[in-house]
């Protein structure tokens, strides 16, 4: 008997946070706003999937392992032969960060590779964060949002600069 399709599907980015440590070294941590939203859904006991693409290197491996450990439906995580999407956090206080991801794996998510029937099973879908500002992924996700029968939520990535 096959596993039922998830009730909650989160679309967007999974990335690796490269966090600068006090000694100047860098610590890599699986992350990404949408990926974290999906993990929370799973932690709450909801059958959840993260629908996105990650690299096929050590960073993508870490994201895939953490996704499986979180209980996410792995049929929705795509592994692609592209570079990883990275967020470098140079300082936490005050926050200073930048992204590295020209033509990275997240941009190559392909909705046609999702399991058949997932739209009928999904009760809620979520789109969000920086993935809605990165082309061609943003256009892909906006197109996907228009085809959903389930209620949808979105969390845009809006950042302001205090002067």
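The values are calculated or read from the model by the stated rules, or taken from the named source; none is laboratory data. Treat the numbers as computed from the prediction; the structure is a model and nothing was measured. All Cβ positions, even for glycine, are placed from backbone atoms using ideal geometry, and neighbour counts span all protein chains on display.
Give the number of residues within segment 11-40 that are part of a helix (DSSP H, G or I) and buried (at least 24 other Cβ atoms within 10 Å of the Cβ). Working first, answer last.
The initial filter retains those residues of segment 11-40 that are part of a helix (DSSP H, G or I), namely 33-40.
Subset that is buried (at least 24 other Cβ atoms within 10 Å of the Cβ): 34-35, 38.
Residues flagged as part of a helix (DSSP H, G or I) and buried (at least 24 other Cβ atoms within 10 Å of the Cβ) within segment 11-40 amount to 3.
Got a sec? Which of 37, 100, 89 is farther than 27 Å from residue 8 by Cα and touching a residue at least 24 places away in the same chain (Cβ under 8 Å)? I'd like the intermediate steps shown before the answer.
Values: 37 fails: farther than 27 Å from residue 8 by Cα; 100 fails: touching a residue at least 24 places away in the same chain (Cβ under 8 Å).
Sole residue among the options that is farther than 27 Å from residue 8 by Cα and touching a residue at least 24 places away in the same chain (Cβ under 8 Å): 89.
Could you figure out which of (1) outside any strand (DSSP E or B); (2) touching a helix residue (DSSP H, G or I) at 6+ places or on another chain (Cβ under 8 Å); (3) under 16 Å from residue 86 (Cα atoms) isn't true of residue 5?
Among (1) outside any strand (DSSP E or B); (2) touching a helix residue (DSSP H, G or I) at 6+ places or on another chain (Cβ under 8 Å); (3) under 16 Å from residue 86 (Cα atoms), the lone unmet condition for residue 5 is (3).
Can you tell me which residues in segment 106-134 are assigned to a loop (DSSP other than H, G, I, E, B), farther than 17 Å from residue 7 by Cβ and modelled with pLDDT of 95 or more?
109, 110
Condition test on residue 72, is it assigned to a loop (DSSP other than H, G, I, E, B), crowded, with 18+ Cβ neighbours inside 10 Å and in contact (Cβ under 8 Å) with a residue 24 or more places away in the chain? Before you say what the answer is, go through the steps one by one.
Values: assigned to a loop (DSSP other than H, G, I, E, B): yes; crowded, with 18+ Cβ neighbours inside 10 Å: yes; in contact (Cβ under 8 Å) with a residue 24 or more places away in the chain: yes.
Yes; evaluated as a whole, the condition is true for this residue.
Residue 81 fails exactly one of the following numbered conditions: (1) at pLDDT 95 or above; (2) under 27 Å from residue 148 (Cβ atoms). What is the number of that condition?
Of the numbered conditions (1) at pLDDT 95 or above; (2) under 27 Å from residue 148 (Cβ atoms), the odd one out for residue 81 is (2).
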